[in-house]
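These notes are about the structure you will find just below.
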Amino acid sequence: MVSEDNVIEDSVSVEDDFDGDDYDYDDGGDYYDDDYGDAGDDDDDYGLVEDDDVDDPGAMVSRRPKLGYTVLQEADIKQRQEDDICKVSTVLSLSQVEATILLRHYNWNVNEVHDEWFSDEERVRKSVGLFERPVVDVSYANEFTCGICFDLLPCDNFASASCGHPFCRECWQGYICTSINDGPGCLLLRCPEPSCKAAVGPDMIDKLAPCEEKEKYSQFLLRSYIEDNREAKWCPAPGCENAVNFAVGGGDFDVTCLCSYRFCWNCTVEAHRPVDCETVTKWMLKNSVDGENVNWILHNSKTCPKCKRPIEKNQGCMHMTCTPPCSYEFCWLCLRAWSSHGLATGGFYSCNVYEAEMQKGNVDAEMRREMAKNSFEKYTHYYERWASNQSSREKALEDLNRMESENMEKLCNVQCTTMSQLKCITEAWLQIVECRRVLKWTYAYGYYLPEHEKTKTQFFEYLQGEAEAGLERLHRCAEKELDKYVTADGPSSDFDDFRTKLTGLTSVTKTYFENLVRALENGLEDVNSTACNKTASPRSPASPRSPTGRNGKGRGSRGKESPRAGVSPKNVDDTR
C-alpha cells in the first residue's frame, strides 16, 4: 500500500539529508518528501534547486534541508532509556534502580538530574525518596509484625524499600498490584508506611509482582520516557507504537512516522501546513461543537410564541400554524396572533407592525438572526470546500494504491516501457495527495481572514484560485487522460508526449502551491509590497489585479514568481 507520506523501511532514524524538491520512487518503497521544506527566509524557494545549480552536485547537497526529528520504534526507545539510566548511574555512582527513580522524577532529563544532584544531593534524595541507609533496622530480629495485616511472621517472609519498613510479601504484592492496575501512578509508588516517603523502585516490582503486573509496569515505565519527555511524542495514528523525537526550535513541525502517518508534532493533529496550530484548533472545535447547529436553527426557524417550539418556515406566506396540539396561528414577521392581522397590518405578504418595530429599533432578535444566517452561510461555504478536498485526497490515495498494485505493471506491458519511465506517474499522484492536503487547510485559513482586510482577501483568493486551477489540471490528467493508455490494445505513439505533459503539470502545480504556502506563512505580507509596486507600476506582476475568487480559473500572474517548469501553465493545459 502506498501512503501520502514517506514510507521509511530500513532505518529508524530520519535525520539524514533529503531533497525537499524531489520525490524518489524505487522498488524498495515509496518516498514522499516534504514539498515545502523549511523556508529559511522569504526568498529560499523551499529547498528548490535553481536550474543553474543542477550541474553542481555540491550546490545541490548544500541546498538540502535537514530533517529535525527522529522516528523511534519500541527497541530504540528502550535503548535510549537504558543509555540514560547507565549514564546517570555511572556519573553519580548510583545503582541503576536509583538512577531510574531519579530520572523518572526529573522527567528523564539527564542534564537536570546532574545539575540538581551536584547542587544539593541531600535535598534531592529527600524529595525523590532515596534513602542512603534504612531508618528501621530489623536485621537482629527473628520475627516481625507486618504493619498491614499485623501477622507475626519470620524474617524471611518480609520485604522493605530503602527505608527498611518491614511488610510481609503478601501485603507488598497486593499493594503493588493494586497500584499498577490503577495506572501509571504506580511509577511514583512510595512505601506503604503512611509517614514514609521512600520510593519503591523497579527492583521491588521485579521481586514481588506477578508476571502480568510486571509487564504492565514495564510498559508504563517505557511510555513515561516519551510522555514525560519534552522533545518526544507518540505518533497519534491508530495502532501505531512509534514515537517522534523532535529538535525543539527546528521550525517546521510537520513530521512523518514510519507508519506513513504525517502529523504536526506541536499539536499532534494531521499535518496542516501552512495553517498555524491555533487556527487548526479553532477550526476543528468549530466543526465538532453544536454551535453551528444552533446557528442553523436561528437562521431557519423561529419559536412559536405559545409553545416555544422551533418552527421552520417552508412556504412563502407569513401566516404560520404550529403543529398540533398547539395549532397556534401567528405572523412569521412580528410573531403576533394572526387573528389581529388583516388589511390594516399589510395582509399576508407584509406586516406593518413589523416595519414599525424596525423603525423604532426594536428588532434586535431579527438582527441577531440575520447575523447568524450570514455567519452560517460563510461557515458552510468554507467547510464544504474543506471537506470536499479531504474527500478528494482520500480518493487520490485510493487511486494511487490502485495504480501501484494493479495498473503500473499493466501499463508497462501495454506501452512497452519500464518502471523507471513511469516514475512521473507516481510523482504526479503523490503531488496531488499533498496539494489536496494543503488546499484543504487553506479554506480554514480563509475562514478566519479578517473581513475588513479586503486586499489580503483578494490576494489570498487569487493565489488559492491559481493553485487550485493548476491542481485540477494535474488531477484530470493523472485520473482521466492516463486511463486511455492503461486500457489501450497496444503501444500509443503519443505516450511519451503524455509523460512530458504530466511531468510539466506536476512541476507547475508544485510551484503554484509553494507560492501559496510561502504567502500564507508570511501572513500575506506581499500585499504591502504589492501596494508599493502598484504605485510605481500599475501593471506590476505581483499585483492581484485579477483575483479569481474561489472558482480557480485565473491565468494571470501569481504573486512574486511565475512557474519555473520550463513551460507556462496555459501551454501545458493546451496540450490536451
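The values are calculated or read from the model by the stated rules, or taken from the named source; none is laboratory data. Being a predicted model, the structure only gives us computed values, none of them experimental. Glycine also receives a Cβ, built like all others from the backbone with ideal geometry; neighbour counts cover every protein chain displayed. Side chains included, ligands, DNA and RNA excluded: accessible areas come from the protein's heavy atoms. Shrake-Rupley method; radii C 1.70, N 1.55, O 1.52, S 1.80 Å.
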Item to complete: Give the number of residues within region 441-462 that are in contact with a Lys or Arg (Cβ under 7 Å, 6 or more places away or on another chain) and open to solvent by less than 10 Å² (accessible area, probe 1.4 Å).
Response: 1
Fill in: Exclusive hit being under 17 Å from residue 385 (Cβ atoms) and in contact with a Pro (Cβ under 8 Å, 6 or more places away or on another chain), set 521, 461, 468, 472
461
Worksheet item: If only one of 415, 431 is within 19 Å of residue 388 (Cα to Cα) and open to solvent by less than 30 Å² (accessible area, probe 1.4 Å), which one is it?
Response: 431
Worksheet entry | Checklist (1) assigned to a loop (DSSP other than H, G, I, E, B); (2) within 34 Å of the chain's Cα centre (by Cα); (3) of a type outside the set (Val, Ile, Thr); (4) within 21 Å of residue 170 (Cα to Cα) applied to residue 196, failing item | (2)
Worksheet item: Among the residues of region 84-98, is any open to solvent by 20 Å² or more (accessible area, probe 1.4 Å), in a helix (DSSP H, G or I), among the acidic types (Asp, Glu) and closer than 30 Å to residue 229 by Cβ?
Response: yes
Worksheet, complete the sentence: The number of residues in region 488-502 that are in a loop (DSSP other than H, G, I, E, B), open to solvent by less than 80 Å² (accessible area, probe 1.4 Å) and touching a residue at least 60 places away in the same chain (Cβ under 8 Å) is 3
Discussion item. Please determine whether any residue of region 165-183 is open to solvent by 40 Å² or more (accessible area, probe 1.4 Å) and within 27 Å of residue 233 (Cβ to Cβ).
Written reply: yes
Discussion item. Among the residues of region 475-484, are any closer than 17 Å to residue 388 by Cβ and buried (at least 21 other Cβ atoms within 10 Å of the Cβ)?
Written reply: yes
Practice prompt. Kindly indicate which of 511, 500, 455, 487 is of a type in the set (Ser, Thr, Tyr) and in contact with an Asp or Glu (Cβ under 9 Å, 6 or more places away or on another chain).
Written response: 511
Discussion item. Where the second residue is in a helix (DSSP H, G or I) and β-branched (Val, Ile, Thr) and the first is more than 19 Å from residue 74 (Cβ to Cβ) and lies in region 255-282, which pairs have Cβ atoms under 6 Å and are six or more apart or on separate chains?
Written reply: 269/280; 272/280; 274/517
Worksheet item: Which residues, counting only those in region 112-161, are open to solvent by 50 Å² or more (accessible area, probe 1.4 Å), among the aromatic types (Phe, Trp, Tyr) and closer than 21 Å to residue 188 by Cα?
Response: 131
Worksheet item: Within the set of pairs 6+ apart or on separate chains, which have a first residue in region 430-453 that is in contact (Cβ under 8 Å) with a residue 12 or more places away in the chain, a second that is part of a loop (DSSP other than H, G, I, E, B) and β-branched (Val, Ile, Thr), and C-beta atoms under 6 Å apart?
Response: 441/275; 444/275; 445/275
